[in-house]
Amino acid sequence: MLLAGVGLAVTGLVLAPLAAPGYVLSYDMVFVPRQPWRAELVLPTGSLPRAVPLDALVSLTNLVLPGWLLQRLVLAAALLLAAIGAGRLVPARHPATRLVAAVGYAWTPYLAERLLIGHWGLLLAYGALPWLVSAALRVREGRSGGLPRLALAAAPAVVIPTGGLIAVVVTVMLVVRRGGARVGAAAVGLVLALNLPWLVAAALTAPDGRTDPDGVAAFAARAENWSGVFGALAGTGGIWNAQTTPVSRTSPLAPLATLVLLVLAVLGFQALRRRWPTGIADRLALLAAGAFLTAALGVLPGTSTMLEWLVAAVPGAGLLRDGQKFLMPYALCLVLGAALGAERLAGALAGRAGRAAAGAVLAGAALLPVVVLPDLALGAAGRLRPVNYPADWAAVAARLDGKPGEVLSLPFGAYRAYPWNGGRTALDPLPRYVNADVLVDDTLWVGRTEVSGENARAAEVRRLLAGGAPASATGVRWVVVQRLVGDYRVDPAVLAGLRQVYAGPDLSLYENPGM
């Protein structure tokens, strides 16, 4: 009960602003009232299946739950799973040690940065990881109910390709062993089967899975303070997008806190080895080392060049571009070791300075993540605030509902900064909001670096518009013009030949009479 209470407290403290009505729109995190069902959600024809089966699951869930409620449930689930799962997993001898692990794993720079960039599907995988490790151990030991628990634990991870890949690797590393080939094959086969939605979509989609090598440098891990890139990664931070990094990560004290955690983890690792079945702690440490190496591929001498070749030549290798997202096994290993290290230090002090000193050590270890990352609280210091869609969105959606023809979203770009969203950057919600085939540009800009997308149709439209052609020449039937920060106005020449169907302060809808 105490562990669940701590999990609820952490979840409530982080997500407090979501008590207000509305939707949090932050980079890739875009929820809408009800996301329409389309075949593209299961088998995207023009782009890689990065959101398969995630978007399809959202659409199906929206049949019974509105988007605002679903958003709160999945974010709360990620935090609760992380806190309670880590607390249950650590082989502690003192109840307070479980609380250290719970807070430590649910209050990391990794979670904060991925929350701000809106990778909520990845956070579900992050929260599921301790449960996946626990289930894998159960399967390995031959205890009853192991495989069903493994399937249940892996289910939140496989909603996105990255999480599914991590689930497969964790299962292979922790379950497969000599003398247990049948059990190992069953476990790995089960997790692979759960990954089939995105694997099948990747095999059947039009793009061949190769990506722009410029994305390697653009999405490489980044330094956040004086400790450099590797110091940022050691603290579970280092995301490529500086705009989604909490301000506290730039503090000169942040690397010192990382050093404390590393020392505690070294102190506690022997306890982890003794209390878990033989070899399991070593396998988890190997997983952590592999995760750290993968996160650093884009910045290590030689490996960045190799990675550029891989993503350009090998289908699917683009998953490795944003290597920092694979850091979660390292984060879990670090937290488990640090919690046991704090327990060991507290035990040593108990005999010399008394139980009060030992309790102070465990309390300090539990509070350390919050003290050095205070701006994760209250929706990342107010950066995750719910807003309401203007009335224009529902009006345009009603006019497009069930109508044939492509919809061109202008300005032609993937991300938006709306005045009604406080100027915060978010992925264009239109493809999720309306029941129509919306065409957006999948080219990404990271600073001044242009990372080409994979959608051939989007590339064609982008070339036409850049060449001065009107929207009517692109072959779309509908055009939606969105008002952005800076009072964006589309060039009248782009709208030449179109008939205005709806005009509002935030959205305008045009029809191409020639289609």
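Where a number appears in this text, it was derived from the coordinates with a stated rule and is not lab data. Since we're looking at a predicted model, the values are computed, not measured. When we count neighbours, we look across all protein chains shown, and the Cβ atoms used for this are built from the backbone with ideal geometry, even at glycine.
Here V485 and A193 are evaluated by their C-beta separation; at R0 = 51 Å the FRET efficiency comes out at 0.70. Its relative contact order, with pairs defined as Cα atoms under 8 Å and 6+ residues apart, puts the stretch 71-209 at 20 percent. Across the stretch 378-515, the relative contact order, built from alpha-carbon pairs under 8 Å that are at least six residues apart, equals 25 percent. For Q270 and D375, the difference between the fully extended length at 0.36 nm per residue and the C-alpha to C-alpha distance is 34.5 nm. Protection proxy ranking for 97-109, 424-436, using the average of other Cβ atoms within 10 Å per residue and placing the highest first: 97-109, 424-436. Placing pseudo-labels 7 Å out from each Cα toward the beta carbon at A206 and M1 gives an inter-label distance of 5.9 nm. Each Cα pair under 8 Å and six or more residues apart adds its separation to the average, and for the chain the resulting relative contact order is 19 percent. Rounded to the nearest 0.05, the FRET efficiency derived from the C-beta distance between A493 and M515 at R0 = 22 Å is 0.70.
Name the shape class, rounded, prolate or oblate, that the alpha-carbon gyration tensor gives for the chain, where a ≥ b ≥ c are the square roots of its eigenvalues, rounded holds for a/c under 1.5, and otherwise prolate holds if a/b is larger than b/c and oblate otherwise. Prolate is the answer for the chain, as a/c is 1.5 or above and a/b outweighs b/c.
For the stretch 138-238, the set of trypsin sites (Lys or Arg not before Pro) satisfying both a DSSP loop assignment and a count of at most 14 other C-beta atoms within 10 Å is given as R143, R177, R178.
Applying 1/(1 + (r/R0)^6) with r as the Cβ-Cβ distance of A348 and S452 and R0 = 56 angstrom yields a FRET efficiency of 0.50. Once label points are set 7 Å from the Cα along Cα→Cβ at both A466 and W445, what is their separation, rounded to one decimal in nm? My value for the distance between the label points is 1.2 nm. DSSP beta bridges confined to the stretch 391-511 are antiparallel in about 70 percent of cases.
Modelled spin-label separation between T250 and R93, with each label point placed 7 Å from Cα along the Cα-to-Cβ direction: 4.5 nm. Using a/c under 1.5 as the rounded threshold, could you call the stretch 176-308 rounded, prolate or oblate? The axes a ≥ b ≥ c are square roots of the C-alpha gyration tensor eigenvalues, and prolate needs a/b larger than b/c, oblate otherwise. The shape class here is oblate.
Each of D506, D282 has some number of other Cβ atoms within 10 Å of its Cβ, and from fewest to most they run D282, D506.
Of the peptides 470-480, 366-376, the ranking by mean beta-carbon count within 10 Å, highest at the top, reads 470-480, 366-376. Taking a ≥ b ≥ c as the square roots of the eigenvalues of the Cα gyration tensor, the stretch 391-511 is classed as rounded, since a/c falls below 1.5. Extension gain, L69-S304: 0.36 nm per intervening residue step, less the Cα-Cα distance, totals 80.5 nm.
Counting only DSSP H runs of at least 4 residues, each contributing -39500 (n - 2.57), and dividing by the residue count of the chain, the helix-based mean residue ellipticity at 222 nm comes to -16500 deg cm²/dmol. Per-residue Cβ neighbour counts within 10 Å put H119, H94 in the sequence H94, H119, beginning with the fewest.
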